[in-house]
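None of the figures in this text is laboratory data; all of them are computed from the coordinates on show. None of the values given here were measured: they were computed from a predicted structure. Here the Cβ positions follow ideal geometry from the backbone for every residue, glycine too, while neighbour counts run over all protein chains shown.
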Amino acid sequence: MNNENYTGVTTGTVATACSLAALDAILDSQDIACVKVETPKKTLDILIDECKKFSSTKAQAIAHKNPYNDPDVTVDLAIISTVELLDKTGGEVNVVITGGEGVGKITKPGLQIPVGEYAINPVPRRMILENLTDKIPEGKIAKVTISIPEGKKIAKKTMNPKLGIVGGISVLGTTGIARSMSSDAYKNSIVTQLDVAIALNLDNLIFVPGNIGEKLALKQLGVSKEQIIQTGNYVGFMFEEAEKRGITKFTFFGHMGKLIKVAGGIFNTKHAIADGRREIMVAHAALCGANQKDLQRLFDSKTTDDMMDILNELNISVEVSNSIADAISERCHQRFDLDLNVILVDMEGNYLNNNFIK
């Protein structure tokens with residue numbers, strides 16, 4: 001199933017496999033240690049850890065999401081599906097899907113699932129429906145309950161609390177296959193922040209690189225968590241998606257060490273992709289009158305905090321910070337139709353530039 005451990009399966013695929021195994025147990029299948037799951041991409045063989053038949057109409061199956069080469073917080077989680085066959089009394093659908101322990105509930109609009117529903121995304125729902133429907137006896141419907149016992153604890157490591165998904169994690173997947181180090185999966189998770197903000201009709205949005213930026217913005221700007229959008233390293237992607245949605249005026253807030261890269265036209269700020277912090281700092285310090293000896297000191301510094309100490313010593317830190325903030329706005333305006341208010345801070349949240357709108 002894997003190619004040198006570079007691919008795995010999604011939580012949606014495992015939930016589907018467990019649902020299929022539980023239904024097979026009800027129907028007295030003899031071999032349910034492994035089931036074949038039809039995904040949008042291909043058929044996968046999924047191992048089942050345990051299957052229990054409670055009665056002639058109810059069974060439960062458990063499987064784990066196997067490790068693969070990716071920092072995925074859902075790896076090794078036990079996923080459980082309990083299936084119960086009920087009498088069809090009218091024109092009900094063949095499969096009713098709900099969540100149990102550890103599966104989050106939607107509390108904010110703007111996501112793919114309506115408010116009040118369990119966070120089992122459309123593709124996993126469709127996979128469960130399509131894999132089970134042909135096996136359900138005539139006159140019956142299958143009630144499928146997905147549970148993830150460790151989901152509530154793991155959810156703290158995901159975007160779910162910020163998105164208003166409470167009580168657990170989401171059952172996700174668009175192809176059924178999880179790919180190692182997939183930037184697409186991460187992008188899909190962070191872009192939903194924009195949809196929630198639009199659905200809540202929020203204004204005065206604050207875009208920050210990550211958790212540190214969010215913490216400092218809450219401290220300094222007096223805004224709510226709902227107004228803060230984390231970009232991660234994908235600044236360009238998030239700005240592009242914001243523009244597509246009509247969000248064209250907002251504040252870009254964060255630590256100098258992260259935001260300075262954008263002043264150099266670097267819109268993916270991951271260190272392994274590009275850096276250029278010292279080069280950008282040296283260029284702006286030179287524009288603000290620093291001499292060659294001090295420029296060499298800046299160039300030899302290891303962190304932007306060290307550079308700011310030198311600029312403070314030279315009494316040009318605010319001037320240089322203003323120049324960098326202007327460059328960030330200019331670079332973004334060249335690439336997107338955006339009106340940015342740029343605020344640069346240090347690790348304590350102290351303002352470094354003063355050419356912004358409070």
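The protection proxy used here, the mean number of other Cβ atoms lying within 10 Å of each residue, ranks peptides 122-132, 40-50 as follows, highest first: 122-132, 40-50. GNM remark for the chain: springs join alpha carbons under 10 Å apart, and the peak mean-square fluctuation among 252, 54, 207 falls on 54. Per-residue ellipticity at 222 nm, computed for the chain from helices alone with -39500 (n - 2.57) per DSSP H run of at least four residues, works out to -11000 deg cm²/dmol.
For an R0 of 30 angstrom, estimate the FRET efficiency from the Cβ-Cβ distance between residue 55 and residue 126 and round to the nearest 0.05. So the FRET efficiency works out to roughly 0.60.
Candidate cross-link partners of residue 156 among the lysines, defined by an alpha-carbon separation under 19 Å and a same-chain spacing of 8 or more, comprise 65, 105, 108, 187, 215, 225. With the simple model of a label 7 Å out from the Cα in the direction of the Cβ, residue 107 to residue 200 spans 1.1 nm. Given +1 at the Cβ of Lys and Arg, -1 at the Cβ of Asp and Glu and no other charges, the dipole of the chain around its Cα centre is 400 debye to the nearest 20.
Placing unit charges on each Cβ (+1 for Lys and Arg, -1 for Asp and Glu) gives the range 183-345 a dipole about its Cα centre, and among 192, 247, 280 the Cα reaching farthest toward its positive end belongs to 192.
Explain nothing, just the number: dipole magnitude of the range 7-179 about its Cα centre with +1 on each Lys and Arg Cβ and -1 on each Asp and Glu Cβ, in debye rounded to the nearest 20. Each step should come with its number before you reach the end.
Details: 21 positive and 19 negative charges, 138 e Å.
My answer is approximately 660 debye.
Between 210, 164, 91, the residue with the greatest mean-square fluctuation in the GNM of the chain (Cα pairs under 10 Å linked by springs) is 91.
Taking the Cα centre of the range 183-345 as reference, the dipole from Cβ charges on Lys and Arg (+1) and Asp and Glu (-1) amounts to some 260 debye. FRET efficiency for the pair residue 249 and residue 309, taken as 1/(1 + (r/R0)^6) with r the Cβ-Cβ distance and R0 = 35 Å, rounds to 0.55. Since only 268, 166, 89 are under comparison, the one whose Cα sits farthest along the positive direction of the charge dipole of the chain, derived from C-beta charges on Lys, Arg, Asp and Glu, is 89.
Using Cα pairs closer than 8 Å and at least 6 residues apart in sequence, work out the relative contact order for the chain, in percent. Reported as a whole number, the value is 14 percent. Note on residue 157 and residue 287: their simple-model spin labels are 4.2 nm apart, each label 7 Å out from Cα toward Cβ.
Listed by chain and number, the aspartates and glutamates placed with their C-alpha closer than 13 angstrom to that of residue 152 are 101; residues fewer than eight positions away on the same chain are left out.
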